[in-house]
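Student: A single structure is presented below for examination.
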C-alpha cells in the first residue's frame, strides 16, 4: 500500500458519519484539530471570547465510534471554535490504550478530523519528566519512542515515522515553549519504576506519558501535519509518589503558555 492509499484504507464509515455531524453543526469543513490532555480543557474557555467564539459543542461520546474519556482531567466534550477565521475542532479529552479498549478508539478523533477536512493537528498531554526541568514547563515534541508494544495500524501501512512531527510547526511552537524534547509513550496505566526511568533517560528520552504517539502516527498516515506539546507534570526522579492532583496542578500552571503555542501552530504556514 502506498501513502496515497492510506486514507482510503484507514477511514471508516463511522469516521465519515461523525465528521458529517461536526461539519453540519459547525457550518463547514474543519481546518484543524486540537486534542487537549489532562487538566487542559479550560483552554477552550479562553477561546470562547474570540471573534466568533464557539461555533458548535456536544459530547464526544455522542459521535459514532467515539468513547467518553475515562481519565482524570479529561472531559466528554468537543467544541468547534473560530480562531482567526479557522474552524478548529477542540476535544477536551481522549481515550487511552490503558483503558483496555480496541485500538481504533484511541485514534478515532484524528480520523474524524481528517474526514472532516482538517489539514493539521495539535496534540497535547501531561508528562513525567526525566530531565532537570520544572513542573509546568511546556515541551515541544520533536521526536518520539513508541514503547507501547503496539501500532495503530494493521496490514501494509508502511509509514515512515521520521516525518511525523512537522518541523515548521515545531519551530513555531518552540518560539513560545520552554523546551524541545523527545517523548516516549508507554502503555500504562502504572507509572514507570526507577529502573525504567533510568533506562529511558539513558536512551535519550526527555519526557514520558501514556498517550499521543498512536494519534500522531495515524495523523501522519492520513496526511495531516502534526505538532506536539507536552506539559511537565511529574518529575520522574523525585522521591515523592506522583498523584493525579499533581498532574492537574502542573497542567493548570501551563495553560497560558500552552494556549499561545497552540495558536502559533495553527497560524504557522
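Student: Using Cα-Cα distances under 8 Å and only pairs 6 or more residues apart, what relative contact order does the chain have, in percent?
Tutor: Working: 588 pairs, mean separation 67.4, N = 269.
In percent, rounded to a whole number, it is 25.
Student: Taking the number of other C-beta atoms within 10 Å as the exposure measure, put 5, 264 in order starting with the fewest.
Tutor: Result, fewest neighbours first: 5, 264.
Student: Hey, another quick one. Would you mind telling me the antiparallel percentage of the DSSP bridges in the chain, rounded to 5? Write down the numbers at each step before the final one.
Tutor: Details: 15 of 45 bridges.
Antiparallel: roughly 35 percent of the beta bridges in the chain.
Student: Further question on the same structure: Starting from the eigenvalues of the Cα gyration tensor, five times each then square-rooted, give me the equivalent ellipsoid semi-axes of the chain, largest first, whole Å.
Tutor: Numbers: eigenvalues 144, 90, 60 Å².
After diagonalising the Cα gyration tensor, the semi-axes are 27, 21, 17 Å.
Student: What ranking of 218, 210 emerges when the number of other C-beta atoms within 10 Å of each C-beta is taken as an exposure proxy, fewest first?
Tutor: On the way: 218 29, 210 24.
With the fewest neighbours first, 218, 210 line up as 210, 218.
Student: Turning to a different aspect of this structure: Quick check on packing: order 81-91, 118-128 by the mean number of other C-beta atoms within 10 Å, highest mean leading.
Tutor: Values: 81-91: 19.9, 118-128: 24.9.
Listed from highest to lowest mean packing, they are 118-128, 81-91.
Student: Using the number of other C-beta atoms within 10 angstrom as an exposure proxy, rank 176, 138 with the fewest first. Don't skip to the end; give the middle numbers.
Tutor: Details: 176 19, 138 25.
By the 10 Å Cβ count, ascending, the order reads 176, 138.
Student: Using the per-residue mean of other Cβ atoms lying within 10 Å as a proxy for protection, in what order, highest first, do the peptides 27-34, 157-164 fall?
Tutor: So the order, starting with the most tightly packed, is 27-34, 157-164.
Student: Another question about this same structure. Label region 126-269 by shape, choosing from rounded, prolate and oblate, from the square roots a ≥ b ≥ c of the eigenvalues of the Cα gyration tensor; if a/c is under 1.5 it is rounded, and otherwise prolate applies when a/b is larger than b/c, oblate when it is not.
Tutor: Numbers: a/c = 1.95, a/b = 1.16, b/c = 1.68.
Here region 126-269 falls in the oblate category.
Student: Let me ask something additional. Could you work out the per residue convex hull volume over the alpha carbons of region 44-136, in cubic angstrom?
Tutor: Details: hull volume 12.5 nm³, N = 93.
Output value, Cα hull per residue: 134 Å³.
Rule-based calculations on the coordinates, nothing more; no lab input. The model shown is predicted, which means the values in this text are computed figures rather than measured ones. For neighbour counting, all protein chains shown are included, and Cβ atoms are generated from backbone atoms with ideal geometry for every residue, glycine included.
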